[in-house]
Number of protein chains: 4
Amino acid sequence: MDPSETIVGVMGPGGGATDKDKSTAYELGQKIAQHSWTLLTGGRSEGVMEASMKGAVEAGGTTIGILPGTSPAGMSDYVQIPIFTGMGHARNVINIHSSRLTFACGLGAGTSSEISLALKTGTPVILLRQSPDTITYYQQLSTTLLHPADDPDDAVAKAYRLL
Amino acid sequence: MDPSETIVGVMGPGGGATDKDKSTAYELGQKIAQHSWTLLTGGRSEGVMEASMKGAVEAGGTTIGILPGTSPAGMSDYVQIPIFTGMGHARNVINIHSSRLTFACGLGAGTSSEISLALKTGTPVILLRQSPDTITYYQQLSTTLLHPADDPDDAVAKAYRLL
Amino acid sequence: MDPSETIVGVMGPGGGATDKDKSTAYELGQKIAQHSWTLLTGGRSEGVMEASMKGAVEAGGTTIGILPGTSPAGMSDYVQIPIFTGMGHARNVINIHSSRLTFACGLGAGTSSEISLALKTGTPVILLRQSPDTITYYQQLSTTLLHPADDPDDAVAKAYRLL
Amino acid sequence: MDPSETIVGVMGPGGGATDKDKSTAYELGQKIAQHSWTLLTGGRSEGVMEASMKGAVEAGGTTIGILPGTSPAGMSDYVQIPIFTGMGHARNVINIHSSRLTFACGLGAGTSSEISLALKTGTPVILLRQSPDTITYYQQLSTTLLHPADDPDDAVAKAYRLL
């Protein structure tokens, strides 16, 4: 596999992730690896970031972590390619620019900033198991870039058609 | 006036701003200046950025523009203190970190990223004339930082109590 | 004074500044204010940043601080317009993009990065009391942007001709 | 190979690189790959960036490009893992934070900013075939982080002892 071929992002809450968010993210990470896509996340050792990278690594995939800090403290053990930005939340912009498309799994304020930045920059977003209120909100902002999905299989199938 | 005392942000769409967004932003900028607060925006020569800074300058206020580029091309004439970041959308993060609170006037994907980053960083947001769908969405993300307001007078009164 | 007219940077070491660096920076800050230029620095409460802003403020000038962090901790009391980037050393790039020209007073690794970025972006640099080794080094990188100066009077006179 | 194990940077001029800089960078890239280190550069399709990544890829190595822009325009074909920052020269900071050590091959203003940022952040720098004036200059800034080297073999041997 040439890892440059397809990098996809998975965005979602860290400390605020629910058990359901994490199990969904783990399964999503597995399926991303099975498609030979490289998984990019914010790289921290909690929540959707950690769970999706664990899934990808355990399925033999490649993972990139775009870290807010300058050192491995707080980094997930499942990051294979760590990029240390030292730029705090500004690294969210890099997450989006570097992903061919992004999955939003769970919701927090950071995730919300990343969905918004994706729509701003023309990056497709797969809204995985998001609430009707969330979908309604983002439909105000884009009619073409949003792709609601019911589960990881559906999400990955929709991504496949977009890539 | 010591300009360091109170810097407040006004966030809103550029090219996508409606006439109503712009007239509201103009009035908001005037009232911000009348309170001797310094107005910070994304600094470009269109939409809510331009209109709010025009209001502030015409009312004798001070304006800061945090520009995405490296030169004055596309900058509003109403920016008094231009900060050139050369960082594109990552400057949205600086807008939020540098504002004691922020007003969201109108809505676009960039504005949405800034509201989200404000909630992420604990910065109060005055949601000025936002739709019920928008308010409902953000109430999922914060119960304490959101302050819906009906018009510039109400928005500024709410800001005054927060500062 | 319209503060947008001329923003000039003063770059120099923080904790590593010598007493001579600081007294030179103080005098330089005074002269910058006397020319009605706005002074931009990295904004921290030590070394050349602190001393130059103290000089400017005591001479009635305006100061901008581009801070590496997200809060006033460690910020100089002489910053009038604080911009919080949360981007660590990446704020050095903003310092340079936002200054019409920059003075280098004293030398440390951060200062060195800023002189280099100035040459990279075509920003004139006044090398104030720099060593022959330093001047020789930078002359490898630019023949047109470097202006060695012997003291604050000479530095400001050279800046005046460039603006 | 676990690509997370050791990421090393190669910094050097783009358009201003000499033929000697490029042939040295090519050989350095080969040797980096032979040590199973991952090569990180600024990712553009010219000069030391392009040559070192070509060497690494042709020797079976892995390459990361930290790009200043938001799209593949101007990117080297030898970038395997592209990170799009959209942050212009601020990406130089990420280059340094993400490298366990960095090689400086050739010299330009951007390279100079990266050597300086490395010394600021405590990152070792292998100064490959740099001039005596350059070595003298940087020895003012650090006594422990600088490692002059005569050729790629010497450079890689010195890196090996540091990792």
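Some points to look at:
- Of the residues D:Gly86, D:Gly110, D:Gly122, the single one that is within 22 Å of D:Asp21 (Cα to Cα) and of a type outside the set (Phe, Trp, Tyr) is D:Gly110.
- For first residues located in region A:139-154 and farther than 22 Å from A:Thr24 by Cβ, partners that are assigned to a helix (DSSP H, G or I) and open to solvent by 40 Å² or more (accessible area, probe 1.4 Å) and lie 6+ apart or on another chain with Cβ distances below 7 Å form the pairs A:Gln140/B:Asp133.
- Selection count, region A:118-148, where residues are of a type outside the set (Lys, Arg), open to solvent by 10 Å² or more (accessible area, probe 1.4 Å) and within 8 Å of another protein chain (Cβ to nearest Cβ): 8
- Counting only helices (runs of 4 or more DSSP H) wholly contained in region D:1-111, the ones carrying 1 or more residues that are surrounded by fewer than 24 Cβ atoms within 10 Å (Cβ to Cβ), touching a residue at least 24 places away in the same chain (Cβ under 8 Å) and of a type in the set (S, T, N, Q) occupy D:19-34.
- Residue count for region A:97-110, restricted to those that are more than 8 Å from chain B (Cβ to nearest Cβ) and either closer than 30 Å to D:Ser99 by Cβ or among the aromatic types (Phe, Trp, Tyr) (or both): 7.
- A count restricted to region B:80-96 and to residues that are within 7 Å of another protein chain (Cβ to nearest Cβ) and at negative phi stands at 11.
- In region A:67-79, the residues that are within 7 Å of chain D (Cβ to nearest Cβ) and within 14 Å of D:Ile83 (Cβ to Cβ): A:Val79
The values are calculated or read from the model by the stated rules, or taken from the named source; none is laboratory data. Given the structure is predicted, the values throughout are model-derived calculations rather than measurements. Don't worry about glycine lacking a Cβ; one is built from the backbone with ideal geometry, like all the others, and counts go over all protein chains shown. Note: accessible area is taken over every heavy atom of the protein model, side chains too, but ligands, DNA and RNA are not part of it. Shrake-Rupley method; radii C 1.70, N 1.55, O 1.52, S 1.80 Å.
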